Structure formats: C-alpha cells, structure tokens
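Below: the structure, in structure tokens.
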Amino acid sequence: MASPSTHTAPLLLGIALGGAIGALGRWGLTQWLPEASGIPWATLLANLSGCLAIACLPALALVRRRPVLAAALGPGLLGGFTTLSAYTAESRALIADGRIALAATYVALTVLGCVVAVLLGERLTGRSEDEAVAAGVVEP
Amino acid sequence: MTAALVALGAAFGAPLRYWLAQRLDDRFPLGIWLANVVGSTILGLLLGLDLGERPLALLGVGFCGAFTTFSTFAAQSVGLGRSRGTTYVLATVVVALCGCAAGYGIGALLA
C-alpha cells in the first residue's frame, strides 16, 4: 500500500504514463519478434523479463523512497509491459487450432517461468514480496 | 498511429487495474484476479468480433494488455506461499482462459 501521505492523483498519473510506455515496449516486441513455431515468443519474453524486473525493483533505494516512482515503474511500466490477456488469448487460439500439447507447454512454461523469475529476482536482491508491496512496486 | 493507440489504451488500463487492486486486494488478491479475468474475457470478445487493426490496438493490445498483468500476478503468487499461491495461479489461469474462450465465442456469434 502506498503511504497515506501520498496523494492518489500523482500515483495514477505515474501509472498511466508508465503503463503506456510498458505497453508500447510489449507491442514493439511483438513487431520485432514474430511468432515462430507456434510459441508466442514476444509475450513470453515480456512476461518473463517483467517478472524478473519487478522482483528486483525494491532493491533500488530511489524506488523505496519515492512512492510515485515505485508506482510508475511497478504497477505502471512493468504492469503494462507484462500481460495476462494476450497470454490467455494466445493459449485459447492454440487450443482452438488443435495444438493442445503446444498450448499446454506455453501455459505451463509462462506460469512456471514467471514464478522462477520472481524467485530468482528475490534471491539476487535479497528482497521479498512483502518488501515489494511495502515499496508500492506490487499492488496493493 | 497504431503505437499511439496502444499507448492510449494502456494509459487507461493500467491505472484502472491499480484502482481495483487498492479497493479489492486483501489477503487474497481479488482486485488483480478480477482485472486479469475481466481483461482476458474482453480481449476474447474483441478478437471474436474481429474488429480490425486499430480498435484492437487501442482496446486489445493497449487497454486489455495493460489492465491485465503478469508481473504483479507472479509476485503475489510467490508471496502467498506454495499452497495458497498455487490456488491463486490456478484460479487465475483457468478462469481467465474460460472467460477468454467464452468472450471469443460470443464475439464470433455477434460478428
């Protein structure tokens, strides 16, 4: 939770700006890295790297000190960069195409990979999810 | 043009997700769960409707893309611990996938 002294409007603006930049990055990745052999590599890469990054954010002192920056980078930039809707839509399309094994691989690879990415980030920085919430990097 | 639409949609999706999380996330992250499920369902609907490139960039890639999130979702799953985290992951992925399929089906019927 953001500290009560921080007004909501600057947080929401920071998140809107960060989210816009993050979504652009994700979209750019899909343009640059086309789907190959059925696996949506761009979404997978965005989700894996975003999950690693969000676990590392609380290690930055500046992020811990500035709630607006924490909100702009966590729920904003990384929240907009990573996505669950494209992941489910891509999985649905693979299932509808009858590529069940590939869909199952993609579903599991993303979830397990992202959990491992968070654990790796926490291990590397020595920061827990509680600290990420306290810093305002992870909602709420 | 497409890039501007993606950014515009995301500028609404991301703060709306944050607002939901502030209101509903408690011991269980209901707000993020809801954002991920509803966003996936809307994206399914949009894809089923086959709206064309620009509306999809604004509402699909931008709004739904940023309204839903994997980074917070994964961090929360780890924070919840093995048992509750697994429940949260399954409840999100299974329901969001069903929502997306239902949305797609409805959209395809209406298109």
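What to note about this one:
- Calculated FRET value between A:Leu45 and B:Arg27, using beta carbons and R₀ = 25 Å, to 0.05: 0.20
- Shown in residue order for segment B:41-47 are the 3J(HN,Hα) couplings computed by the Karplus curve 6.51 cos²θ - 1.76 cosθ + 1.60 at θ = phi - 60°: 5, 5, 4, x, 4, 4, 5 Hz (x for Gly and Pro).
- Radius of gyration, Dmax [the protein assembly as shown; alpha carbons; angstrom]: 16.6, 53
- For chain A, adding -39500 (n - 2.57) for each run of n ≥ 4 DSSP H residues and dividing by the number of residues yields -22000 deg cm²/dmol at 222 nm.
- Alpha-carbon Rg/Rh ratio, for segment A:26-105, with Rh computed the Kirkwood way: 1.10
- When shorter helices are ignored and each DSSP H run of at least 4 residues is given -39500 (n - 2.57), the per-residue value for chain B at 222 nm works out to -25000 deg cm²/dmol.
- Taken along its principal axes, the alpha carbon cloud of chain A reaches lengths of 53, 30, 23 Å, longest axis first.
- Mean-position separation - Cα centroids, segment A:71-140 and segment A:39-61, in angstrom: 7 Å
- Hydrodynamic radius by Kirkwood, which averages 1/r over all alpha carbon pairs of chain B, in angstrom: 14.2 Å
- Ordered by the count of other Cβ atoms within 10 Å of each Cβ, fewest first, B:Ser71, A:Ser91, A:Ser49, A:Ser37 give A:Ser37, A:Ser49, A:Ser91, B:Ser71.
- Sorting A:Thr110, B:Thr69, A:Thr88 from the fewest to the most surrounding beta carbons within 10 angstrom yields A:Thr110, A:Thr88, B:Thr69.
Only the coordinates and a few stated rules stand behind these numbers; no lab work does. Note that the structure is a prediction, hence the values are computed from the model and not measured. Cβ atoms come from the backbone with ideal geometry, glycine included; neighbour counts cover every protein chain shown.
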